[in-house]
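The values are calculated or read from the model by the stated rules, or taken from the named source; none is laboratory data. The structure displayed is predicted, hence computed values, not measured ones. Cβ atoms come from the backbone with ideal geometry, glycine included; neighbour counts cover every protein chain shown. Quick note on the areas: whole protein, heavy atoms, side chains included, nothing else; ligands and nucleic acids left out. Shrake-Rupley method; radii C 1.70, N 1.55, O 1.52, S 1.80 Å.
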Amino acid sequence: SDLVTAQALTIKSFPLKIDRKDVMEIQGEAIIRLSVLEKYNATADEPLKNARNAAAGAIRNLDPKVTEKRRPEIIFYNVNYAENGGFDSQLEIFDFLKRNGFRTFDFLRVCKNLDEVKAAIDEIEIGRRSIDVLTDGAVVKLNSVKEREILGYTDKFPRWAAAYKFEAEEAETTLRSIRWQVGRTGKLTPLGIVDPVELAGATVRKATLNNYGDILKKRVKIGGRVLIRRSNEVIPEILGALGDDGEAVEKISVCPYCKTPVVEVGANLFCPNEDCRPRVLAKLANFACKDGMNIDGFSEKTAGVLYDEIGVENFSELYTLDREKLVALDGFQDKKADNLLSAIEKSKNVALPNFIFALGIDGVGKKTAKDLAKKLKTLDGIANASVEELASLDDVGEVMSKSIFDYFRSEKNKNEIEKLLCAGVKITEQTEVKSGSFSGEKVVLTGSLTSYTRSEAGKLVEERGGEIQSSVTKTTTLVIAGEAAGSKLDKAKKLGITVIGEEEFKGRL
């Protein structure tokens, strides 16, 4: 992740003060208008090829003056989190954004049925060619925040929203070579290097193929013409060959990075060497990511420097990094080194689902990690579970249960977990509360408490068997109201939900 606060502060699309005092996360997307890009290119020494890449480059550029010169904007579309809540619908969110001076896109339609949704999408598709912003689709959301909470999320996506993408553009180009990429699990994925071609507002130089079988199926050859498409106008993919010219792509027999003989599992090729550099870097980055140990500022690039210069290969070695060696590395001045070491220290307190996800067990994503923690409660419970116990959990099939079982039987993995615990990593486990003072309660916190922060109070409730909700719904059973409680308290009273103050809350603790 990149720290881009200084760059963002040059953009005049948002206010520096708002009419609320609670913690909020407001989401938006950086864009550069097509007319602004055209004007910039008229006098630029190096013209920018497309608006999408120009916007990304403007935000990530190290020099805020470059950001300001390119004149990006941020178009805001959502309040993702509000400590004190208070939003019942998307309309209320947009009203708040506009009232406070956040720049929003004008198009918003409230539809009552599927026909009205289709009509709104058609309206966008027709109009998008004449607007000043690259547009590749429409987002359809439930207006009601309460109904969004009922539907919830899958592992990756909200169930209450869908992205409708317009038909992807296609283009012809020539395939020059195949580069095999190695992922965290060792899976080898072929990446096609193609002659640069303009496609859906971007210059495309690389395009994906699924595996070697996909290469054969699509009759793709080196030096041959191919048809490519930007799937959802984001990831370019090779659709197939145009003719039979070119040289056949050879199936690799060894890993291009470590020269270990590859193994074939189903349709895919794998590098079995766990010490292969790309695998190690991907594992370290996964370990440190937000859904894992949440080591702020740690990326695969950081992992590469630590691996190449200091020899960091294992998770536990992050917790024994030497500051003197760190500041001697290229790009690691005092402040950056201290920030990294501070983030690593902070990561030592971790919830069980995050720890399980961080380990990078094959097939185990965020949702499965949460399910394992919820059902088996402790790290030992997960580590000692039989294949049958694991397979009995929702969405954990035979293959995944064997993968989890085998992971915790590996002496190397067991030693690494022990080293993490010895380094000071403390795991908050999902200990079962049978008679906690908030057992079975669905609790909403509102207003300011004098003795606890909101997150501290929420943790105390959860430790005693309660479930914290972000807003008051018909399923809420209890509201804890501090000073200056607002709309949540009013709503609770209307619905007849039990409300207690801070003193009674302390008593229940």
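In the P(r) worked out for the range 436-495, what percent of Cα pairs fall beyond 19 Å? When every Cα pair of the range 436-495 is considered, 24 percent fall beyond 19 Å. Spatial offset of the range 1-62 relative to the range 81-95 amounts to 24 Å, using the alpha carbon center of each. Classify the range 81-154 as rounded, prolate or oblate from the Cα gyration tensor: take a ≥ b ≥ c as the square roots of its eigenvalues, call it rounded if a/c is under 1.5, otherwise prolate when a/b beats b/c and oblate if not. It is oblate, given that a/c is not under 1.5 and a/b is not larger than b/c. Computed with a 1.4 Å probe over protein heavy atoms only, the accessible area of R99 comes to about 140 Å². Taking all protein chains together, V139, V197, V254 sort by accessible area into V139, V254, V197, largest first [probe 1.4 Å].
Values (i) 78, 61, 51; (ii) 81, 61, 40; (iii) 114, 81, 40 are given for comparison; Cα extents along the principal axes in Å, derived from the coordinates here, is the one labelled (i).
Per-residue 3J(HN,Hα) values for the range 135-148, derived from phi via the Karplus relation 6.51 cos²θ - 1.76 cosθ + 1.60 with θ = phi - 60°, read 9, 10, x, 9, 10, 10, 10, 5, 6, 7, 5, 4, 5, 4 Hz in sequence order (x marks Gly and Pro).
Karplus-derived 3J(HN,Hα) values for the range 115-127, using 6.51 cos²θ - 1.76 cosθ + 1.60 with θ = phi - 60°, are 4, 5, 5, 4, 5, 5, 5, 4, 4, 5, 4, 5, x Hz; glycine and proline are entered as x. Taking the 1.4 Å solvent-accessible surface of the chain as the whole, the part contributed by carbon and sulfur is 50%. Looking at the square roots a ≥ b ≥ c of the eigenvalues of the Cα gyration tensor of the range 195-294, which shape do they give, rounded for a/c under 1.5, prolate if a/b is larger than b/c, or oblate? Because a/c hits 1.5 or more and a/b fails to exceed b/c, the range 195-294 counts as oblate. With 21 Å as the limit on Cα-Cα distance, the pairs of K69/K301; K112/K442; K259/K414; K39/K69; K17/K336 that go past it are K69/K301; K112/K442; K259/K414; K17/K336. Each residue of the range 56-73 is assigned a 3J(HN,Hα), and the resulting list reads 4, x, 5, 6, 8, 4, 5, 9, x, 5, 5, 4, 5, 5, 7, 6, x, 10 Hz, derived from the Karplus form 6.51 cos²θ - 1.76 cosθ + 1.60 (θ = phi - 60°), x at Gly and Pro. Between the range 98-128 and the range 187-227, how far is it from one alpha carbon centroid to the other, in angstrom? Their Cα centres are 35 Å away from one another. Distances between placed amide hydrogens fall under 5 Å for L199 paired with V204, all partners being 5 or more residues away or on another chain. Entry comment: accessible area of the chain is 56 Å² per residue, from protein heavy atoms only and a probe of 1.4 Å. DSSP finds beta bridges in the chain, and of those with both partners inside it, around 75 percent are antiparallel.
When each of the peptides 9-22, 170-183 is scored by the mean number of other C-beta atoms lying within 10 Å of its residues, the order from highest to lowest reads 170-183, 9-22. Summarising the amide proton neighbourhood of Y153: residues at separation of 5 or more, or on other chains, whose placed amide H is nearer than 5 Å comprise R159.
Put simply, the amide H of I468, placed in the peptide plane, has neighbours under 5 Å in V443, leaving out anything fewer than 5 places away on its chain. The coefficient of translational diffusion for the range 249-368, derived via Stokes-Einstein from the alpha carbon Kirkwood radius under 25 °C and 0.890 mPa s, stands at 156 µm²/s. Using the alpha-carbon centroid of each, what span in Å lies between the range 241-263 and the range 299-357? With the range 241-263 and the range 299-357 each reduced to a Cα centre, they are spaced 35 Å. Within the range 352-509, all pairs of alpha-carbon atoms sorted by distance into 5 Å bins from zero give the percentages 2, 8, 15, 16, 13, 11, 11, 9, 7, 5, 1, 0. Projected over all directions and averaged, the alpha-carbon convex hull of the range 104-217 occupies 11.0 nm².
Only helical runs count toward this figure. For the chain, summing -39,500 (n - 2.57) over DSSP H runs of n ≥ 4 and dividing by all residues gives -10000 deg cm²/dmol at 222 nm.
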